[in-house]
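Chemist: One structure, as structure tokens, below. Some questions next.
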């Protein structure tokens, strides 16, 4: 899940919420939406590896 921050950057969050905190895990902050999408694909790839 990618959300736009007030600073204009994009943050990648995990799809599931953490059972301990009830919030989503921060998977990185990126300056562009394309960079965030690229990293999201890499995360999904390595989750299956």
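Chemist: Every residue in the stretch 4-17 that is exposed (fewer than 12 other Cβ atoms within 10 Å of the Cβ) and either touching a helix residue (DSSP H, G or I) at 6+ places or on another chain (Cβ under 9 Å) or outside any strand (DSSP E or B) (or both), please.
Modeler: Selection gives 4, 5, 6, 7, 8.
Chemist: So which residues in the stretch 18-37 are surrounded by 13 or more Cβ atoms within 10 Å (Cβ to Cβ) and on the phi < 0 side of the Ramachandran plot? Talk me through it step by step, then tell me what you get.
Modeler: Of the stretch 18-37, the ones surrounded by 13 or more Cβ atoms within 10 Å (Cβ to Cβ) are 24, 27-30, 35-37.
24, 27, 29, 30, 35, 36, 37, listed by residue number.
Chemist: Please indicate, with yes or no, whether at least one residue in the stretch 40-47 is touching a residue at least 12 places away in the same chain (Cβ under 8 Å) and assigned to a helix (DSSP H, G or I).
Modeler: Let us first name the residues in the stretch 40-47 that are touching a residue at least 12 places away in the same chain (Cβ under 8 Å), namely 40, 43.
Among the residues that remain, those that are also assigned to a helix (DSSP H, G or I) are: 40, 43.
Checked the stretch 40-47: at least one residue is touching a residue at least 12 places away in the same chain (Cβ under 8 Å) and assigned to a helix (DSSP H, G or I).
Throughout, read-outs are computed from the coordinates displayed, never taken from laboratory work. Predicted, not measured: the structure shown is a model, and the values here were computed from it. Ideal geometry is used to build each Cβ from the backbone, glycine not excepted, and the neighbour counts take in all protein chains shown.
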